Each structure stands twice: as structure tokens, then as C-alpha cells.
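None of the figures in this text is laboratory data; all of them are computed from the coordinates on show. Because the structure is a prediction, the values reported are computed rather than measured. Here the Cβ is made from the backbone with ideal geometry for all residues, glycine too, and neighbour counts use every protein chain on show.
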Amino acid sequence: MTARLIPDPGRGRKQDPQPPQSAGAQERDGWRVLSYMLGGMAVYGALGWLVGHWTGITILFPLGMILGIALSIVMIAFRYSKS
């Protein structure tokens, strides 16, 4: 058995943290999140309104909007929680 006299250069080294995002990237992410929220609410609200209009069930419009917001929040959480 031989002992190592020279330490391994990669061993025990801390990883450098990610550089902070620029203001432009943060602004772009904010607009993207807002568009997901508004888009989800609009698309599922419109689907709820159409189905509610055809069936005569008026509660489907607000339920569609709530479902759209909820799905948007889930999508945003999955997209931005990745590291």
C-alpha cells in the first residue's frame, strides 16, 4: 500500500455558486410568469364559458378560470424549481 502525498485537486473543493441573473433575465422571467398566469386563466376560462354556454351550466366559466390559474401555478412551480 502506498500513501498519497499529493492531495487530489478536486477533492474537498466547494462548487462555485451560480452567478446572479442579470436584471434583464429577471424581468424576462417575470413577464413569462405573468403570461402563463393570464394565458392559463384565459384559455381555461374560455373553454369553461364555451362548455357552459352549450350545456347551460353557468358555473363552468369561473371554475375554468380557477382551474387555469391553478394549472398555471403548478406549471410555473415545476419550471422554476429545477436547479
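Assorted remarks:
- Between LEU47 and TYR80, the modelled label-to-label distance comes to 2.3 nm, taking each label 7 Å out from Cα in the direction of the beta carbon.
- For q = 0.13, 0.15, 0.21, 0.27 Å⁻¹, Debye-computed log10 I/I(0) when each Cα of region 30-80 counts as one equal scatterer: -0.31, -0.39, -0.64, -0.86
- Remark: region 52-59, residue by residue, has Karplus-estimated 3J(HN,Hα) of x, 5, 6, 9, x, 9, 6, 6 Hz, where x stands for each Gly or Pro and the curve is 6.51 cos²θ - 1.76 cosθ + 1.60 at θ = phi - 60°.
- Order of TRP31, TRP49 - criterion: other Cβ atoms within 10 Å of each residue's Cβ, fewest first: TRP31, TRP49
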